[in-house]
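Undergrad: One structure coming up, written as structure tokens, with questions to follow.
The values are calculated or read from the model by the stated rules, or taken from the named source; none is laboratory data. Computed from a predicted model, the values in this text were never measured in an experiment. We place every Cβ from the backbone using ideal geometry, glycine too, and count neighbours over all the protein chains shown. Ligands, DNA and RNA are excluded from the accessible area calculation, which covers all protein heavy atoms including side chains. Shrake-Rupley method; radii C 1.70, N 1.55, O 1.52, S 1.80 Å.
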Amino acid sequence: MWLEKLPEPKPPERLVDDKGLRIDGRRLDQLRPIKLEVGLLDKADGSAYIEQGKNKILVGVYGPREAHPKHIAMPDRAVIRCRYHMAPFSVDERKSPAPSRREMELSKVIRESLEPVVLTDLYPRTTIDLFVEVLQSDGGSRCAGITAASLALADAGIPMRELVAACAVGKVQGKLALDLSDAEDKYGEADLPVAYVPNANLVTLLQMDGALTPDEFETGLNMAVEACKAIHTMQREALKKKYHDIKEVVEEKEEAEVVA
Ligand code: ADP
């Protein structure tokens, strides 16, 4: 016998309270807590992990390596391919493992947001493969995926002009709010994901769902850009931490050899 489908969860009565606090206690201009880690997969050429609120995303990079099938190779540059994939257990109701239209769209926009910073012309006739695996999703997963993917590319030693950081801003109960969670995305009025390259002052992803006035759009975009700058600092720290940890291990080994 099939179990009956669970009823749809009720939307929260209010997304922002009288004190301007959101359902998870954040202020409107506050990011969710972010944890970044680099180089956790041995078999991939580069990898990174991000937790942003309840999002948990792992990215693996392979390449540059010889292009297969050969006909996709470009004579003057590397081809970047990206697969954004949500694990069946990443959302409340089991998601089909088959690629959805949404996953195809997100794979494309993540790739396009990273292409401008990668020096692909150094590696003609090769491919760089990016696998963005969403283990748990709670809104803003394309942005968190971009943040982690650019770290994984750097971890793979692929020459890049800069790291790309990404963050969404949206509108909930008539107010602009940074870094929307799933409930805010679902029941809010607008969602504006942005990817940004701080040193070049370059926006590499700009999408919009819902409606914003021109003033709201400008203020929202500035909020997202400032958040991307903060995330960019965290990305640099995560990269530095990996090499600091390696240095410590090497030094400990050298000390042990001297003692022996
Ligand atoms: P993003 O994750 O970049 O915000 P969307 O706006 O399309 O992308 O999705 C918002 C959120 O909706 C996702 O982060 C995820 O938590 C949820 N979601 C997406 N697809 C599904 C699905 N098939 N089943 C349940 N929840 C989903």
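Undergrad: State all residues of segment 178-196 that are hydrophobic (A, V, I, L, M, F, W, C) and not in a strand (DSSP E or B); if no residue qualifies, say none. Steps first, answer last, please.
TA: First, pick out the residues of segment 178-196 that are hydrophobic (A, V, I, L, M, F, W, C): 178, 180, 183, 190, 192, 194-195.
Hits for segment 178-196 are Leu180, Ala183.
Undergrad: Could you grab me the full set of residues in segment 201-229 that are β-branched (Val, Ile, Thr) and within 20 Å of Gln52 (Cα to Cα)? Working first, answer last.
TA: We begin by selecting, within segment 201-229, every residue β-branched (Val, Ile, Thr); these are 203-204, 213, 219, 225.
Across segment 201-229, the qualifying residue is only Val225.
Undergrad: When the residues of segment 133-149 are filtered to those that are among the β-branched types (Val, Ile, Thr) and within 11 Å of the ligand (Cβ to nearest atom), which remaining residue is surrounded by the most Cβ atoms within 10 Å (Cβ to Cβ)?
TA: Residues of segment 133-149 that are among the β-branched types (Val, Ile, Thr), as a first pass: 134, 146-147.
Filter once more, keeping what is within 11 Å of the ligand (Cβ to nearest atom): 134, 146.
Details: Val134: 24, Ile146: 35.
Per the criteria, the residue is Ile146.
Undergrad: Out of Asp191, Asp215, which single residue is open to solvent by 40 Å² or more (accessible area, probe 1.4 Å), among the acidic types (Asp, Glu) and farther than 22 Å from Lys19 by Cα?
TA: Working: Asp191 fails: open to solvent by 40 Å² or more (accessible area, probe 1.4 Å).
The match here is Asp215.
Undergrad: So, one more: Please work out if Glu103 is away from the ligand (no atom under 16 Å from the Cβ), assigned to a helix (DSSP H, G or I), at pLDDT 95 or above and not small (Gly, Ala, Ser). Can you show your working first?
TA: Working: away from the ligand (no atom under 16 Å from the Cβ): no; assigned to a helix (DSSP H, G or I): yes; at pLDDT 95 or above: yes; not small (Gly, Ala, Ser): yes.
Criteria not met by Glu103.
Undergrad: Is there any pair linking a residue in segment 223-246 that is farther than 16 Å from Asp155 by Cβ to one that is among the hydroxyl-bearing types (Ser, Thr, Tyr), with Cβ under 6 Å and at least six apart or on different chains, and which?
TA: Val225/Tyr196; Cys228/Tyr196; Ile231/Thr147
Undergrad: Does Ile50 fit the bill of being under 12 Å from the mean Cα position of the chain (by Cα) and open to solvent by less than 20 Å² (accessible area, probe 1.4 Å)? First the steps, then the outcome.
TA: On the way: under 12 Å from the mean Cα position of the chain (by Cα): yes; open to solvent by less than 20 Å² (accessible area, probe 1.4 Å): yes.
Taking the combined requirement at face value, the residue satisfies it.
Undergrad: Could I ask something else about it? With the requirement that a residue be more than 16 Å from the ligand (Cβ to nearest atom) and within 18 Å of Glu237 (Cα to Cα), what does segment 23-70 give you? Reasoning before the result, please.
TA: The initial filter retains those residues of segment 23-70 that are more than 16 Å from the ligand (Cβ to nearest atom), namely 25-30, 33, 35-49, 60-70.
Residues satisfying the conditions are Pro33, Lys35, Leu36, Glu37, Val38, Gly39, Leu40, Gly46, Ser47, Ala48, Tyr49.
Undergrad: Where residues in segment 129-177 are of a type in the set (D, E, K, R) and assigned to a helix (DSSP H, G or I), which of them is nearest to Tyr196 (Cα to Cα)? Lay out the reasoning, then the answer.
TA: First pass over segment 129-177, keeping only residues of a type in the set (D, E, K, R): 129, 133, 138, 142, 155, 161-162, 171, 175.
Narrowing further to those that are assigned to a helix (DSSP H, G or I): 142, 155.
Numbers: Arg142: 13, Asp155: 19 Å.
The residue in question is Arg142.
Undergrad: Here are some conditions: (1) of a type outside the set (S, T, N, Q); (2) open to solvent by 20 Å² or more (accessible area, probe 1.4 Å); (3) over 30 Å from Val91 (Cβ atoms). Ile158 meets all but one. Which one does it not meet?
TA: Single failed check for Ile158: (2).
Undergrad: Let me confirm something: among Gly25, Gly63, Gly20, which residue is in contact (Cβ under 8 Å) with a residue 40 or more places away in the chain and either assigned to a loop (DSSP other than H, G, I, E, B) or in contact with a Leu (Cβ under 7 Å, 6 or more places away or on another chain) (or both)?
TA: Working: Gly25 fails: in contact (Cβ under 8 Å) with a residue 40 or more places away in the chain; Gly63 fails: either assigned to a loop (DSSP other than H, G, I, E, B) or in contact with a Leu (Cβ under 7 Å, 6 or more places away or on another chain) (or both).
From the options Gly25, Gly63, Gly20, the qualifying one is Gly20.
Undergrad: Take segment 35-71 and flag every residue that is in contact with a Ser or Thr (Cβ under 9 Å, 6 or more places away or on another chain) and among the basic types (Lys, Arg).
TA: Lys54, Lys56, Arg65
Undergrad: Give segment 53-71 a look and list any residue that's over 13 Å from the mean Cα position of the chain (by Cα) and either of a type in the set (S, T, N, Q) or open to solvent by less than 10 Å² (accessible area, probe 1.4 Å) (or both), or say none.
TA: Val61, Gly63, Ala67 - these are the residues of segment 53-71 that are over 13 Å from the mean Cα position of the chain (by Cα) and either of a type in the set (S, T, N, Q) or open to solvent by less than 10 Å² (accessible area, probe 1.4 Å) (or both).
Undergrad: May I ask you to list the residues in segment 5-42 that are closer than 22 Å to Tyr187 by Cα and of a type in the set (A, V, I, L, M, F, W, C)? Steps first, please.
TA: Filtering segment 5-42 down to residues closer than 22 Å to Tyr187 by Cα leaves 5-33.
Across segment 5-42, the qualifying residues are Leu6, Leu15, Val16, Leu21, Ile23, Leu28, Leu31.
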